[in-house]
Amino acid sequence: MQYGQAVERIPTVVIGAGQSGLSVAYHLKRRGLSFVVLESNPRVGDTWRKRWDSLRLFTPARYDSLVGMPFPAPGRYFPTKDEMADYLESYAKRFELPVRTGVTIDRVSKHGSGFLISAGDTQIVADQLIVAMATYQRPSLPSFASELRPDIVQLHSSEYRNTSQLRPGAVLLVGAGNSGAEIAVETARAGFKTYLSGRDVGHVPFSLDSVFGHYFVAPLLLRVVFHRILTTDTPLGRKARPKGKHAMGTPLIRLRPNVIAAAGVERLGRVIGTREGLPLVDGGRALDVANVIWCNGYEPGFSWIDLPAFDEHGNPAHARGVSTSVPGLYFTGLYFLYAMSSTMIHGAGRDSEYVAEAVGRDAVRANRDRAPEAPYESSRNIAKV
C-alpha cells in the first residue's frame, strides 16, 4: 500500500456475485455479519448473459432456486441464460445484499492476520475472505491451437454466441460435455457439417422434460446421486472427485446420444494435434474444417490470489470450502467442493450455508481474541495507511 492511500476496512469480503456468492451473502446477512460482495461485471448476472444466445440451463426450474426465493417459472421449464441472469439480479435486490459491481480484483495478499484486497485504486482490508468463484475463470486451449491454419475460425465456448460468427464450412466441437454437445446440435441444425470430438462423458438415460424424467429421474439424479451419494464423505464420491487441475465432465443431462446423432452430428475421438494446419484426430484423421469451437474447459484463473492456499495440483486446499492452509480464507462455487452438485444451482445453497456458518464461528473467535484497545472499526471506516 502506498503512503496516504485510503483503505477501507470490512470484516468479511465475498468475491463474486454469481449463485454461490449471492447464496453465501444471504446466509451471512441472516447471521448479522458485516460484509460486502465484489463483482467484476457491470451487473449481477452478467456472467450468464455473456454465454451463447440459445443456452438454456441443463436443469429444470424446480432445481434452479436459491434459498428464500423460488425461481419464477413452472418446475419442468428449462430457463434461458438471460432469465437466470435476471433472477440472480432480482435475488440480490430482494434481499438487499451489499453488492458492488464493476470491481475487478488485481491481487489478494496477507495483511497482518487478515487480507489486503487490491482492485485498481481501491484497497480493502478484511479479516475474512470468501472466494465465491468456480474454477472456470480462464479459457483453456491446447498448445497446438496456434498451429491451425489462420483461415480457420477458432472460438472458445465462452466466446461463442451464435452461428453468425462461423465461416461457411464444417464445424469441429472439441469437448463432448454438456456445452460441446448443445452447441454441436445447434450448429448441425443450422446446416453446418458438425463433428463432436472427445470422450463419452455418459448421459442421463431419460429425458428430464418428460413426465417420468421430471418426477422420477431428476429427483433421483440431482437430489440423491449428485447431492447426497457423490460427496467427499462417501467412497463413491471420493473416487469420482477429480484429483488434478481439470474437472471431469458431468454426464449429459438434457441431451442423449440418439438426439445428437439425429441432429446429424458425427462423433469422433480426441483431437491430439495438427497435420498441415488441420486438426488431427486420434487414429490419424485430419479434418478439413472451417471452424473450431473449443469446449474443453477452463483453467482455474486464481493467479491473483497471492497466498499459500493451493495444493500440488494448483487447486485450492480446503475442507468443504474452509481453507486448510490460510486461516480466514474460504471458497465456495468450486467444482465438487463437497458434492457433484456443488456447481449446480441447487448445490450452491448447502455449500454456502456451511461456509457462512464457519465464517460466523471464526468471526466470533476473532472478535474475542482481538485486543480491547484495538476494536474492529465500522465496515465503512476509511483509514489512512
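The values are calculated or read from the model by the stated rules, or taken from the named source; none is laboratory data. Only a predicted model underlies this, so the values are computations on that prediction, with no experimental measurement involved. Cβ placement follows ideal geometry from the backbone for every residue including glycine, while neighbour counts extend to all protein chains displayed. Accessible surface is based on the protein model in full, side chains and every heavy atom, while ligands, DNA and RNA are left aside. Shrake-Rupley method; radii C 1.70, N 1.55, O 1.52, S 1.80 Å.
Brief remarks on what is shown
- Extreme residue, positive dipole direction of segment 275-358, given options S303, T332, N315 (C-beta unit charges): T332
- As a rough guide to protection, the peptides 126-134, 150-158 ranked by mean Cβ packing within 10 Å, highest first, stand as 126-134, 150-158.
- Remark: the Cα gyration tensor places segment 65-137 in the prolate category, a/c being 1.5 or greater and a/b exceeding b/c.
- Helices in the chain, meaning DSSP H runs of at least 4 residues, each add -39500 (n - 2.57). Divided by all residues, the mean residue ellipticity at 222 nm is -6500 deg cm²/dmol.
- The shape of segment 115-198 comes out prolate: with a ≥ b ≥ c from the C-alpha gyration tensor, a/c is at least 1.5 and a/b beats b/c.
- Average accessible surface area per residue within the chain, 1.4 Å rolling probe, Å²: 45
- The alpha carbons of segment 273-343 give a radius of gyration and a Dmax of 18.7, 53 Å, in that order.
- Compactness of the chain, taken as the C-alpha radius of gyration over 2.2 N^0.38 Å, stands at 1.06.
- Candidate aspartates and glutamates for bridging to K93, where Cα separation is under 20 Å - those fewer than 8 sequence places away on the same chain excluded: E39, D46, D64, D82, E83, E353
- Here the accessible area of segment 75-210 is 48 percent carbon and sulfur, with a 1.4 angstrom probe and all protein chains present.
- For peptides 161-168, 285-292, 23-30, sequence by mean Cβ density within 10 Å, most packed first: 23-30, 285-292, 161-168
- Farthest toward positive dipole pole in the chain [+1 Lys/Arg, -1 Asp/Glu at C-beta], among V125, V171, S90: S90
- Highest mean packing first, where packing is the average number of other Cβ atoms within 10 Å per residue, the peptides 257-263, 323-329 line up as 323-329, 257-263.
- Each of L222, A25, G360 was placed along the dipole of the chain (beta-carbon charges, centred on the mean Cα), and the one lying farthest toward the positive end is L222.
- Note on R189 and L141: with the Förster distance fixed at 25 Å, the Cβ-Cβ geometry gives a FRET efficiency of about 0.45.
- Protein-only accessible surface at a 1.4 angstrom probe places the residues F310, F35 in the order F310, F35, largest first.
- Prolate/oblate/rounded label for segment 1-60 (Cα gyration tensor, a/c 1.5): oblate
- Rg/Rh (Cα only; Kirkwood hydrodynamic radius) as it applies to segment 1-148: 1.04
- Portion, in percent, of the accessible area of segment 261-370 that falls on carbon or sulfur, probe 1.4 Å: 47
- Here the chain is assigned +1 on the Cβ of each Lys and Arg and -1 on the Cβ of each Asp and Glu. Its dipole about the Cα centre then comes out at about 720 debye.
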